[in-house]
Amino acid sequence: MNDTSAALAFSALGHPNRVAVLRLLVQAGAAGLSVSQMREHLNIPATTFGHHLKAMADAGLVRQSRQGRALISVANYAALQGLIGFLMEDCCQGVFSSPISTQMESS
């Protein structure tokens, strides 16, 4: 994970409906849910639902597969853990002055 991939993931979550979809998929577990099941739970209009789901799939937060005619979506737990780990990897280690800020302070 790097700044660019983290920004893509956060961008994909930049709408309340997308956060709601991802939280629902996390609750559903490894079995995932079909598009119709998600829409039943969340009452998101069909006209925008596909757009939201695609954004999260493109960012790697959701995996999708076909089971017959149904499109099943599952939260990508490894990607979510990677994002959380990336945010927390330097937690509580302090912030060190860069050479630029040191120069500005001594002026």
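The values are calculated or read from the model by the stated rules, or taken from the named source; none is laboratory data. For clarity, every value in this text was computed on a predicted model and none was experimentally measured. FYI the Cβ positions are ideal-geometry reconstructions off the backbone, even for glycines, and counts take in every protein chain you see. The accessibility values were calculated without ligands, DNA or RNA, using every heavy atom of the protein model including side chains. Shrake-Rupley method; radii C 1.70, N 1.55, O 1.52, S 1.80 Å.
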For this session: Give the label of the value calculated from the structure for Kirkwood radius over Cα pairs in Å, choosing from [x] 14.6; [y] 12.9; [z] 15.7.
Result: [z]
Exercise. What residue among Gly68, Gly32, Gly94 has the largest mean-square fluctuation in a Gaussian network model of the chain, using Cα springs under 10 Å?
Worked result: Gly94
Exercise. Quick one: with all protein chains in place, what share of the accessible area of the chain is carbon or sulfur, to the nearest percent (1.4 Å probe)?
Worked result: 57
For this session: Return the loop-located trypsin sites (Lys or Arg not before Pro) in region 1-77 (DSSP other than H, G, I, E, B) with at most 16 other Cβ atoms within 10 Å of their own Cβ; answer none if there are none.
Result: Arg69
Exercise. What is the distance, in nm, between label points placed 7 Å from the Cα along the Cα-to-Cβ direction at Phe86 and at Gln64?
Worked result: 2.1
Exercise. Ordering Phe10, Phe96 by how much accessible area each has at a 1.4 Å probe, largest first, what is the list?
Worked result: Phe96, Phe10
Problem set entry | Hz values of 3J(HN,Hα) by residue in region 53-61 - Karplus curve (6.51, -1.76, 1.60), Gly and Pro given as x | 5, 5, 4, 6, 5, 4, 7, x, 7
Problem set entry | From phi via Karplus (6.51, -1.76, 1.60), per-residue ³J(HN,Hα) for region 72-85 in Hz, x at Gly/Pro | 9, 10, 9, 4, 8, 4, 5, 5, 5, 5, x, 5, 4, x
